[in-house]
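Here, each number is a calculation from the coordinates, and none is a lab measurement. On a predicted model such as this, the values are computed, not experimentally measured, just so you know. For neighbour counting, all protein chains shown are included, and Cβ atoms are generated from backbone atoms with ideal geometry for every residue, glycine included.
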Amino acid sequence: MGLINALSDGVMTVYFHYLLVRPEYQGTGIGKKLVKLMLKEYKDIARKAVIAYDSEVEFYEKCGFELGEDKSPMFVTYLKT
C-alpha cells in the first residue's frame, strides 16, 4: 500500500528520499502514518529534510515540516520530473 525511504548519517541529518502510496489508497492516512513512523524512528536526529514537489508541500506541512527560507533544492540528474 505504501513505502517511505530515508538516508541518515546517524547523527545530524536524515533525508526522506520519497514517500509512495498506491493511488487507490491515497487520502486514507497511510502517507501520514508512514511519515509519523519515520519521524519517531529518527526522533534524535537534529535535521529532518524532504524535497517535496510543489503540489505536495501542504501534505508535508501537515506532517510538521516547514519550508526553508532562502533555500532551493539543487540536482545533478538525468531523471525527468
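Scanning the stretch 54-72 for residues that are surrounded by 11 or more Cβ atoms within 10 Å (Cβ to Cβ) and of a type in the set (A, V, I, L, M) returns a single hit, VAL57. Among the residues of the stretch 21-49, those that are touching a Cys at 6+ places or on another chain (Cβ under 9 Å) and of a type in the set (A, V, I, L, M, F, W, C) comprise VAL35, LEU39.
Show the residue pairs that are 6+ apart or on different chains and have beta-carbon atoms under 7 Å apart, the first residue being within the stretch 11-26 and surrounded by 10 or more Cβ atoms within 10 Å (Cβ to Cβ), the second being among the charged types (D, E, K, R). Close Cβ pairs (under 7 Å, with a partner that is among the charged types (D, E, K, R)) amount to THR13/ARG47; VAL14/LYS48.
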